[in-house]
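Notes to accompany the following structure.
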Amino acid sequence: SWSPDGKQIAVTSFSADKSSIILRDPNEGASVNSAQTTVIFLGYVGSWSPNGRVLALNAFATNAVFISLDSSAVPPAFNGSFPSFAPDGRFVAYCSTPSGQNEVYIRSYPDGKVNRQVSIDGGFEPRWKASGELFYRKGNRWFSTHVSTAPELRWDPPRIVFETEFIDTPGMSYDVTPDGQRLLVVKRTQAINATKIDLVVNWFEELKQRVAVK
């Protein structure tokens, strides 16, 4: 994940039982102050705060975690995934499942006092752009909504902007160009076509019979 000034890249490095968040110089490829900026952490990079002082990370335990890069105070982790900072840094978009399915929410940062659901009938992997446009996906369809954070939080009804077969990679499976005009995914070379559907009825009775036989 590129820093806002383009001078650093936050990289997730995986090993057998942990992941490390490392800051690298994109010109040199070397770690930048690695002793201070490497975090042992089960998860991966989410997004940078606009001022470049905080990294929002996505923990495997479905927690959004904030790591300070300059010893400034950060809020505690909360139940959510794929945290993405708003352009002004006053809000974070993320997804969570209180309704039983993944939905996209917007939460005020750092206090968390404002928390609103933005997606309709499902949403995943929110990505906020500098223009104030918030993207997210549901399956192989991408939605967009324009969000205003001042003087109060408001957003337009989400609309479908893109649809394609793609490979759902670990972590964030897509990105959007800074101008919001291009969406980048790893496309499948061939679409997966379902040839049949199997429907099993009265399966619980069959299960009881199998258990009784054993």
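The values are calculated or read from the model by the stated rules, or taken from the named source; none is laboratory data. In this text, all values refer to a predicted model and were calculated from it rather than measured experimentally. Here the Cβ is made from the backbone with ideal geometry for all residues, glycine too, and neighbour counts use every protein chain on show. The area values use the complete protein model at the heavy-atom level, side chains included, leaving out ligands, DNA and RNA. Shrake-Rupley method; radii C 1.70, N 1.55, O 1.52, S 1.80 Å.
Tabulated data for the structure shown
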{"item": "Residue tally, condition in contact with a strand residue (DSSP E or B) (Cβ under 7 Å, 6 or more places away or on another chain) and assigned to a loop (DSSP other than H, G, I, E, B), over the range 85-115", "result": "7"}
{"item": "Check on A59, of a type in the set (G, A, S), touching a Gly at 6+ places or on another chain (Cβ under 9 Å) and touching a residue at least 24 places away in the same chain (Cβ under 8 Å)", "result": "no"}
{"item": "Search result, residues across the range 179-192 that are part of a strand (DSSP E or B) and either free of Cβ contacts under 8 Å to residues at least 40 places away in the same chain or open to solvent by 60 Å² or more (accessible area, probe 1.4 Å) (or both)", "result": "L184, K187"}
{"item": "Boolean, N27 is modelled with pLDDT of 90 or more, open to solvent by 30 Å² or more (accessible area, probe 1.4 Å) and assigned to a loop (DSSP other than H, G, I, E, B)", "result": "no"}
{"item": "Filter result for G171 (touching a residue at least 60 places away in the same chain (Cβ under 8 Å) and on the phi > 0 side of the Ramachandran plot)", "result": "yes"}
{"item": "Tally of residues being open to solvent by less than 50 Å² (accessible area, probe 1.4 Å) and outside any loop (DSSP other than H, G, I, E, B) across the range 47-78", "result": "14"}
{"item": "Residues satisfying the stated conditions in the range 133-143, i.e. in a strand (DSSP E or B) and surrounded by fewer than 17 Cβ atoms within 10 Å (Cβ to Cβ)", "result": "R141"}
{"item": "Matching residues in the range 144-173 - criterion: being in a strand (DSSP E or B) and open to solvent by 30 Å² or more (accessible area, probe 1.4 Å)", "result": "H146, S148, R154, W155, R159, I160, V161, F162, E163"}
{"item": "Candidates V104, V118, V92, V176, filtered to the one that is in contact with a Leu (Cβ under 6 Å, 6 or more places away or on another chain) and buried (at least 18 other Cβ atoms within 10 Å of the Cβ)", "result": "V176"}
